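Below: one structure, written as structure tokens.
Bear in mind that the values in this text are calculations on the coordinates, not laboratory data. Here the structure is a predicted model, which is why all the values come from computation and not from measurement. Please note: Cβ atoms are built from the backbone with ideal geometry, for glycine as well, and neighbour counts cover all protein chains shown.
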Amino acid sequence: MNVDIYYDKECPFCKQYAKLMALKKNHNVSIKNAREYKSKIIEFNNLGFNINEGLIVVCEEKIYHGSDAVIFLDKLDKLDKLDKTGIKISLYDNILFKKVLYPIVKFIRYILLKILGKNPNIL
């Protein structure tokens, strides 16, 4: 399975998460710095996916964005890792992560990039 991950290489959180996911995969994973793929990012933006609001993952021609992208990657990583009852567990696929934790991480990313003197907006 081919998986393309577009992320902000300037963001320390995104960079570490992308590296972690690439190491864990048994799939053909391509990690791309969104700042180097502006034409593709414009395409995503035209489809309603704003890279400044979260990473973008493309798999099997389906696009995942923001918290949904994190949830998808987490589930992909756990395909073969089942708990004792055989239920796939995802720590991220819940309302607390989507509505509270992910927006907090996005806000911290914005502030951190500003402090580091980097532009938090890719487009």
Collect residues whose amide H, placed 1.01 Å from N in the peptide plane, falls under 5 Å from the amide H of I122; neighbours closer than 5 in sequence don't count. N52
Students often check this: by mean Cβ neighbours within 10 Å, which of 27-39, 53-65 ranks highest, and how do the rest follow? 53-65, 27-39
